[in-house]
Amino acid sequence: MPKNPRNPPTPRTVDIVAFPDVTLLDVAGPLQVFASANEWATRHHEPRPYHARVVAETGMVTSSAGLVLMAEQLSRPDRPIDTLMVTGGPGTFAAANSAGLVRWLRTRAGHTRRISSVCTGAFILAAAGLLDGRRAVTHWDWCDELARRFPKERVETD
C-alpha cells in the first residue's frame with residue numbers, strides 16, 4: 001500500500017484572528033506551529049495537513065510591537081473551517097467591543113469544528129457568548145477580571 005493516497009486529504013483550514021494592537025507572539029507562535037507541521041509532512045512526503053492563515057476585519061493590522069501584519073479578510077461566516085484561534089494582546093478589549101467581529105464569531109462558531117483562544121483572546125470569545133457555561137482560562141493576571149466580567153463562565157484560576 002503506498003504511503004500517499006492518490007487523492008490526498010484536503011488540508012484543514014485554520015483561521016488565526018488578529019486585530020489592531022494584537023500581541024505579535026500570539027499570532028506568530030500558533031502560525032509557526034502549523035507551518036512546522038506542514039514542513040514536517042513535506043519532508044516525509046506526506047500531504048500538508050494545514051492551511052493556516054491570519055484573518056482580520058481589515059487587511060492590515062498593526063501589532064502592539066509595531067509590526068504591520070497583512071491579514072486576509074474574515075471569511076464568509078457559513079464557510080466551514082476546522083480550527084478558529086482568537087489571539088490576545090493590548091487591543092483585546094477594543095476587539096471584544098467590535099460588534100462586527102463579535103457577530104462574525106457567533107455565526108462562525110456554528111461552522112467550525114474547534115474554537116480556541118490565546119491568552120486574553122478569551123475575553124473576545126466570552127464577549128461573543130462562546131464561553132457561557134464552559135470552563136475557561138486566560139493569562140493568570142487576567143483570570144479575576146475574566147470571571148468578574150463574564151460570570152456565566154467557570155474561570156480556572158490555577
For segment 1-111, percent of DSSP beta bridges that are antiparallel (nearest 5) comes out at 20
To the nearest 0.05, what FRET efficiency results for VAL68 and GLU39 with a Förster distance of 30 Å applied to their C-beta separation?
-> 0.75
Considering only DSSP beta bridges where both residues belong to segment 52-129, give the percentage that are antiparallel (nearest 5).
-> 30
Interchain or sequence-distant (5+) residues whose placed amide H lies within less than 5 Å of the amide H of VAL22 are SER64, GLY91
Let me know the shape class of segment 65-154, please: from the alpha-carbon gyration tensor, a ≥ b ≥ c as square roots of the eigenvalues, rounded when a/c is under 1.5, otherwise prolate if a/b is greater than b/c, or oblate.
-> oblate
Given H placed 1.01 Å from N in the peptide plane, which residues other than close sequence neighbours of SER117 have an amide H under 5 Å from its amide H?
-> VAL86
Calculate, for the chain, the solvent-accessible area per residue in square angstrom, rolling a 1.4 angstrom probe over the heavy atoms of the protein chains.
-> 57
Residue by residue, what Karplus-based ³J(HN,Hα) values in Hz, rounded to whole numbers, does segment 13-20 have, using 6.51, -1.76 and 1.60 with θ = phi - 60° and x for Gly and Pro?
-> 7, 10, 9, 10, 7, 10, 7, x
Could you give me the ³J(HN,Hα) list for segment 70-80, computed from phi with Karplus coefficients 6.51, -1.76, 1.60 and θ = phi - 60°, whole Hz, x at Gly and Pro?
-> 8, 10, 7, 5, 4, 6, 4, x, 8, 7, x
Go through segment 139-144 residue by residue and turn each phi into a ³J(HN,Hα) via Karplus (6.51, -1.76, 1.60, θ = phi - 60°); whole Hz please, and just put x for glycine and proline.
-> 3, 3, 6, 10, 4, 4
What is the set of long-range amide H partners of TYR50 at a cut-off below 5 Å, with H atoms built 1.01 Å from backbone N?
-> ARG12
So, with a 1.4 angstrom probe, what is the percent of accessible area on the chain that is carbon and sulfur?
-> 55
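The values are calculated or read from the model by the stated rules, or taken from the named source; none is laboratory data. Because the structure is predicted, anything quoted here is derived from the model rather than measured. No Cβ is skipped: glycine too gets one built from the backbone with ideal geometry, and neighbour counts run over all protein chains shown. With ligands, DNA and RNA removed, areas are computed over all heavy atoms of the protein, side chains included. Shrake-Rupley method; radii C 1.70, N 1.55, O 1.52, S 1.80 Å.
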